[in-house]
1. Would you confirm, using the coordinates I've provided, whether ALA252 is closer than 30 Å to THR122 by Cα, hydrophobic (A, V, I, L, M, F, W, C) and assigned by TED's automatic domain parsing to the domain that holds SER139?
2. Listed residues ASN132, ASN159, ASN94; which is at pLDDT 90 or above and assigned by TED's automatic domain parsing to the domain that holds LEU65?
3. Suppose we keep only residues that are at pLDDT 90 or above and of a type in the set (Ser, Thr, Tyr) within the stretch 30-62. Which one would you say is surrounded by the fewest Cβ atoms within 10 Å (Cβ to Cβ)?
4. Within the stretch 203-236, take every residue that is charged (D, E, K, R) and either touching a residue at least 40 places away in the same chain (Cβ under 8 Å) or part of a helix (DSSP H, G or I) (or both) and give me the one that is farthest from PRO273 (Cα to Cα).
5. Can you tell me which residues in the stretch 144-166 are in a loop (DSSP other than H, G, I, E, B), within 12 Å of the chain's Cα centre (by Cα) and not aliphatic (A, V, I, L, M)?
6. Search the stretch 237-287 for residues being of a type in the set (Lys, Arg) and outside any helix (DSSP H, G or I), and hand back the single one that is surrounded by the most Cβ atoms within 10 Å (Cβ to Cβ).
Amino acid sequence: MERRKTWVDYYGNGKAFCIPKRYSCWATVMCVLSLVAKVDNCPAYCTCRENNGTVTCRNLRERTLPTNLPQWANTLIVRDYNITSLLGGSFSHNDTELELVNLSLSGNNIQIIEAYAFLGLTRLQNLDLSHNRLISIASQAFYGLNELRCLCLNDSSLNSAAMQVSNALATDSLRNLQRLELSGNQLKSMPITEFHPLNLTMLVLTNNSIQTLGKENVSSLNEHKEIQVYLASNPFKCNCELDSFYYWLKNASQCADASLLLCSEPESKKGMPLEKLKKDDVECVSSDLEAVSEAVSYVFLGIVLALIGVVFLMVLYLNREGINRWLNNIREACRDQMEVYHYRYEQDSDPRLANVAV
């Protein structure tokens, strides 16, 4: 009787096929070796998924970025590292350029970004630096990111480095940047005053400390009507300083969450939507007119006093001869009176002696 061949199912690379049972041990060894080869290409403390090109690294003790990434990697996610500084050339080892498209460095205690820190990431389109503590950003920090589309800097304590952020964004390297997120940074004003170097279509400034947008910011936004701005959860001060921003909200449609903007001051308007404010609530014309009228009044008063002084001096000048005669007459009269008084004093210097003699 012929012995039956026994078959076993083997799964490799997502496909099922059958092999004779006597060869199953050898197939298992080959499978393990192939898996080990794949693991060797993955950096320490990282998980690699070749099917979607993602490398995810987590380690609380590491202070340096993972290197020698697999060639197929297009997404790198680094979490819970203690990377206090991003040094220049951190991603350009041995003059090799990485093919990363997405890079997330969120929550790594990054405080300093040096110049040329992202040099070599020529294909990078999305960069996430949120939930860090950025205190120093070099003006050339984002140099070389010519293909960057989205930059996320949410909750990165940017209030103390707002000017540095503005300088770092004013670079020709970010000419393709379309989305910029700066939420939760306690910013008191919009850190961007010039949008020409960028190609923004979305600017997120929610959950900051912005009380109003100045005339310069409003003018810049009016020049770039393609930009959609998000400003919810900011403590807007609803007084006459809000006028230019208020009219921009009314006439433009660039603020995507305009219905969510609320007043925080004064107390009488706290919680009131900005869209429900009236012109009188933000009108500064009356106070300006009062100040101008008061200044004009003082000017006219000075002019009148000056004219009176000039007239008085002219009268004195034209009547100088008569005034001289009048002064001379007064002087002569005073002298005559003094001579009479002196004569009487000599004649009767001491009236008490005259009484004794009698």
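1. Working: closer than 30 Å to THR122 by Cα: no; hydrophobic (A, V, I, L, M, F, W, C): yes; assigned by TED's automatic domain parsing to the domain that holds SER139: yes.
So ALA252 fails the test.
2. Numbers: ASN159 fails: at pLDDT 90 or above; ASN94 fails: at pLDDT 90 or above.
None of the others qualify; the one that does is ASN132.
3. THR47
4. GLU223
5. Result: SER157, single match.
6. Narrowing the stretch 237-287 to residues of a type in the set (Lys, Arg): 237, 250, 269-270, 276, 278-279.
Add one more test, that the residue is outside any helix (DSSP H, G or I), and what stays is 237, 270, 278.
Details: LYS237: 16, LYS270: 12, LYS278: 8.
Ranking the qualifying residues of the stretch 237-287, first place goes to LYS237.
Residue-by-condition table, conditions (1) assigned by TED's automatic domain parsing to the domain that holds ASN132; (2) among the polar types (S, T, N, Q); (3) farther than 30 Å from LEU134 by Cα:
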position: LEU187; (1), (2), (3): yes, no, no
position: THR193; (1), (2), (3): yes, yes, no
position: MET202; (1), (2), (3): yes, no, no
position: ASN207; (1), (2), (3): yes, yes, no
position: GLY214; (1), (2), (3): yes, no, no
position: MET272; (1), (2), (3): yes, no, yes
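The rows are residues; the columns are (1) closer than 21 Å to TYR143 by Cβ; (2) assigned to a loop (DSSP other than H, G, I, E, B); (3) of a type in the set (Ser, Thr, Tyr).
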site: LEU60; (1), (2), (3): no, yes, no
site: ARG63; (1), (2), (3): no, yes, no
site: THR67; (1), (2), (3): yes, yes, yes
site: TRP72; (1), (2), (3): no, yes, no
site: LEU76; (1), (2), (3): yes, no, no
site: TYR81; (1), (2), (3): no, yes, yes
site: GLY88; (1), (2), (3): yes, yes, no
site: LEU100; (1), (2), (3): yes, yes, no
site: LEU103; (1), (2), (3): yes, no, no
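The values are calculated or read from the model by the stated rules, or taken from the named source; none is laboratory data. Just so we're clear, the structure is a prediction, and the values are computed from it rather than from any experiment. Virtual Cβ from ideal backbone geometry, glycine too; neighbours counted across all protein chains shown.
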